[in-house]
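Here is the structure we will look at, set down as structure tokens.
Just so it is clear, none of the values below were taken in a lab; they were calculated from the coordinates. Given the structure is predicted, the values throughout are model-derived calculations rather than measurements. Here the Cβ is made from the backbone with ideal geometry for all residues, glycine too, and neighbour counts use every protein chain on show.
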Amino acid sequence: MKSKVRKAVIPAAGLGTRFLPVTKTVSKEMIPIIDKPMIHYIVEEALESGVEDIILITSRHKEDLERYFDYNYELEDRLMKSGKVEMARGIKKIAESCNVICVYQKEPAGLGHAIGCARSVVGAEPFAVLLGDDLIDSNIPCTRQLLDVYEKEGLSVVGVMEVPLSETSKYGIVGGSVLSERTLRVENLIEKPAPEDAPSRFAIPGRYVVDSSIFESISKTKPGKNGEIQFTDALMDLAQKKGLLAYRFDGDRYDTGDRIGYLDATLTFGLRRPELRAGILALLEKHGKGEK
């Protein structure tokens with residue numbers, strides 16, 4: 001019987017170069033979509049999936065991430081005294097909602113290395129991994145969908161989505177045998193292949209549920225391009241030794257680490273807010289875009 005997945009690892013130690021110059025002093029994950037930072041949405045997905053402990057892989061320059069999930073007694077008190085009770089409760093709820101454990105990645109050595117930094121905290125338990133700049137909008141949280149597969153099949157699983165062949169060089173791409181309408185058994189996994197080398201069009205956008213043996217695979221993975229330890233290489237090792245599934249999740253993915261993806265997510269979430277919708281539509285009309 002598989003253990004309940006209680007922990008989620010969120011790698012958030014990157015430099016955020018695609019958002020310079022603001023990321024010189026502000027963590028990329030703290031850039032807001034409307035009025036909540038990107039990282040807030042990611043943590044919410046993990047919590048709504050049943051995860052209890054959030055392990056943030058961060059760096060010494062990203063204190064704002066740690067502060068965001070801590071209490072701010074002065075701000076809460078000032079809001080309460082000024083009659084903004086609901087706002088004060090909302091601020092407090094952020095700190096109350098989850099147990100956040102921060103682990104430093106001391107050097108930028110790739111995603112595999114970042115996840116490996118969580119080994120002492122995760123221990124021998126299975127865990128989820130959610131990348132901090134991949135926002136997935138779905139009725140059932142994407143991580144919950146993967147957890148359901150993990151609990152049913154007893155194998156580690158990666159979330160995948162179908163992408164145009166021309167975009168395979170942006171993702172880790174999986175290939176394998178079809179088990180069901182949405183599930184593959186992974187037999188091949190290549191990091192950012194050229195279209196002619198891609199084993200399929202199924203890309204991993206940043207959601208995983210893995211057995212703790214992945215840490216042993218990471219420790220044996222040799223650095224690749226730019227001296228980085230690729231998580232896809234460790235996943236391929238896991239697939240060969242214990243088996244790995246790929247699940248085509250239900251939901252829309254936004255690459256919020258990309259400026260256009262970020263704007264797309266901002267508009268999508270903004271248009272759902274009754275107090276903002278009319279104003280956003282008016283702005284789109286003003287700029288000649290109209291509503292799709």
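If you place +1 on the Cβ of every Lys and Arg and -1 on the Cβ of every Asp and Glu, how big does the dipole about the Cα centre of the chain come out, in debye to the nearest 20?
Numbers: 41 positive and 44 negative charges, 55 e Å.
Charge dipole of the chain: 260 debye, to the nearest 20.
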So the angle from the long Cα axis of helix 274-286 to the longest Cα principal axis of the chain, reported in degrees to the nearest 10, equals 80 degrees
Once both label points are put 7 Å beyond Cα along the C-beta direction, the ASN226-LEU165 separation in nm becomes 2.8 nm
Taking alpha-carbon centroids only, the stretch 268-284 lies from the stretch 29-54 a number of Å equal to 22 Å
For 222-229, 265-272, 153-160, ranked highest to lowest by mean beta-carbon neighbours within 10 Å, the order is 153-160, 265-272, 222-229
Computed over the stretch 1-140, the relative contact order (Cα-Cα under 8 Å, seq sep at least six) in percent reads 40 percent
Taking the chain and counting helices only, DSSP H stretches of n ≥ 4 at -39,500 (n - 2.57) each over all residues, the nearest-500 ellipticity at 222 nm comes to -10000 deg cm²/dmol
Helix 38-48 sits off the longest principal axis of the Cα atoms of the chain, rounded to the nearest 10 on a 0 to 90 degree scale, by 70 degrees
Between the modelled labels at SER219 and ALA124 (7 Å from Cα along Cα→Cβ) the distance in nm is 1.4 nm
Taking r as the C-beta separation of SER180 and GLU96 and R0 as 35 Å, the FRET efficiency to the nearest 0.05 is 0.35
Calc'd 3J(HN,Hα), the stretch 20-35, phi into Karplus 6.51 cos²θ - 1.76 cosθ + 1.60 (θ = phi - 60°), Hz, glycine/Pro = x, comes to 5, x, 4, 6, 5, 10, 10, 4, 3, 5, 9, 5, x, 9, 6, 10
Note on the stretch 229-292: alpha-carbon gyration tensor, axes a ≥ b ≥ c; rule is a/c under 1.5 for rounded, else prolate if a/b larger than b/c, else oblate; result prolate
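Tell me, what is the Rg over Rh of the chain, with Rh the Kirkwood radius over Cα pairs?
Numbers: Rg = 19.7 Å, Rh = 20.1 Å.
So for the chain, dividing Rg by the Kirkwood Rh gives 0.98.
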Stokes-Einstein D for the stretch 52-169 (10 °C, 1.306 mPa s, Kirkwood Rh from Cα pairs), in µm²/s, comes to 91 µm²/s
Highest mean packing first, using Cβ neighbours within 10 angstrom, the peptides 67-78, 170-181 sort as 170-181, 67-78
Expressed to one decimal in nm², the mean projection of the alpha carbon convex hull of the stretch 1-118 is 8.8 nm²
Mean separation of Cα contacts under 8 Å (at least 6 apart) over the residue count of the stretch 7-257, i.e. the relative contact order in percent, is 24 percent
Projecting the Cα atoms of ILE204, GLY176, TYR71 onto the charge dipole of the chain, where Lys and Arg contribute +1 and Asp and Glu -1 at Cβ, the residue farthest towards the positive end is TYR71
per DSSP, antiparallel bridges as share of beta bridges in the stretch 7-257, % nearest 5, sits at 60 percent
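Looking at this model, which pairs from LYS92/LYS222; LYS92/LYS170; LYS93/LYS170; LYS62/LYS242; LYS62/LYS225 are more than 32 angstrom apart at the alpha-carbon? Kindly include the intermediate steps, with their values, before the conclusion.
Working: LYS92/LYS222 43 Å; LYS92/LYS170 38 Å; LYS93/LYS170 36 Å; LYS62/LYS242 36 Å; LYS62/LYS225 25 Å.
From LYS92/LYS222; LYS92/LYS170; LYS93/LYS170; LYS62/LYS242; LYS62/LYS225, over 32 Å: LYS92/LYS222; LYS92/LYS170; LYS93/LYS170; LYS62/LYS242.
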Rounded to the nearest 10 degrees, the helix 259-271 long axis (Cα) sits at an angle to the longest Cα principal axis of the chain of 60 degrees
